[in-house]
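Data block below; observations after.
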Amino acid sequence: MRYASLSLDLDNQWSYMKTRGDDGWQSHPSYLDIAVPRILEFLARRRLTITFFIIGQDAALAKNRDALRAIAAAGHEIGNHSFRHEPWLHLYSEAELDRELHEAEDAIESAMGVRTRGFRGPGFSVTASTLEVLLRRGYQYDATVFPNLLNPLARAYLFAGSKLSHEEKRQRSALFGTWKDAARPVRPFKWQLQGGELLEIPVTTMPWLKLPLHLSYLVYLGKFSRPAARTYFRLALRACRMSGTQPSILLHPLDFLGREDCPALDFFPGMDLQRARKLALVDEFFDMLLARWEPITMAEHARRAAAGRQELRRLTPVFPA
Ligand SMILES: [Zn+2]
């Protein structure tokens, strides 16, 4: 049976502003009250249960409680997306990483009543130390690896439009990953760590070509040409089928928000689209995916990958210091 896991990184308005170095993120401006009900309604209409990766800082703020509780109440899987959403985890010590994960777990548990067992690092930031800490903390899987050839372009795009200082750019030098990340596998594999093994479910990119196929990219393509975006997604899914890849498809709140919902983020690719136009595109991509692939959560993807007949590849993390 073909299946595809669906996960949504619940990045918030402030986390985008923070990554880009925009003032005002410190008060944690939030669009969760608009985005979450819309996303939940969309998923309920299609009877989908997916995985939400939650930022601990959002869970710690009373203003977000209702929105977050609604996600848990709808029965979705809840994962950890770090506490501070800083895409420079490679600068953290192991003790700092442990605290970062622990604080997020506690905040998420107290807001949503669930202890997280899956993790995705902010800005696809993956380090050997983070993996060791995840293993020690009893995580079922990591889902941070993003073998995308276009990562450095995404970073250059963000830097070009920002007011980041030289120092801040250095801090963000691994943001979205490097060329080397594109060499990593698209299919699930196991990290061989000092403390044992940890399952990795990468964000799927197009097999062989390593080009992104998550919703934000498709929507961005669709802005220029709807038929081209459809063809691209169809080819990507065909490549998954031919290579025996069960895709893990990444979603973001911005896939469900239009220009009129959050003018402050108009710098983000695709955020110049009207809400109705964007939602129509998203609907179309979901129709294509769900026509042939059984939708599952990340935890279920991890379970099936671990229990599968196919032996998983084993990789030792080698990262620049
Ligand atoms: Zn994020």
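The values are calculated or read from the model by the stated rules, or taken from the named source; none is laboratory data. Predicted model, so just to flag it, every value in this text is computed and none were measured. Using ideal geometry, Cβ is built from the backbone for each residue, glycine included, and neighbour counts are taken over all protein chains shown.
Select the strands (runs of 3 or more DSSP E) contained entirely in region 209-321, then report the ones holding at least 1 residues which are touching a residue at least 12 places away in the same chain (Cβ under 8 Å) and under 18 Å from the mean Cα position of the chain (by Cα). Let's see the steps before the verdict.
Numbers: elements: 248-251, 294-296, 313-315.
Answer list for region 209-321: 248-251, 294-296.
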Quick one: count up the residues across region 116-150 that are away from the ligand (no atom under 14 Å from the Cβ), assigned to a helix (DSSP H, G or I) and touching a Phe, Trp or Tyr at 6+ places or on another chain (Cβ under 6 Å). 3
Would you pick out the residues in region 255-281 that are modelled with pLDDT of 90 or more, under 19 Å from Phe233 (Cα atoms) and crowded, with 18+ Cβ neighbours inside 10 Å? Asp255, Phe256, Lys278, Leu279, Leu281
Being under 24 Å from Ser173 (Cβ atoms), surrounded by fewer than 19 Cβ atoms within 10 Å (Cβ to Cβ), within 16 Å of the ligand (Cβ to nearest atom) and touching a residue at least 24 places away in the same chain (Cβ under 8 Å): is that true of Arg20 here? no
Among helices (runs of 4 or more DSSP H) entirely within region 28-98, at least 2 residues that are within 14 Å of the ligand (Cβ to nearest atom) and closer than 12 Å to Met112 by Cβ occur in 56-59
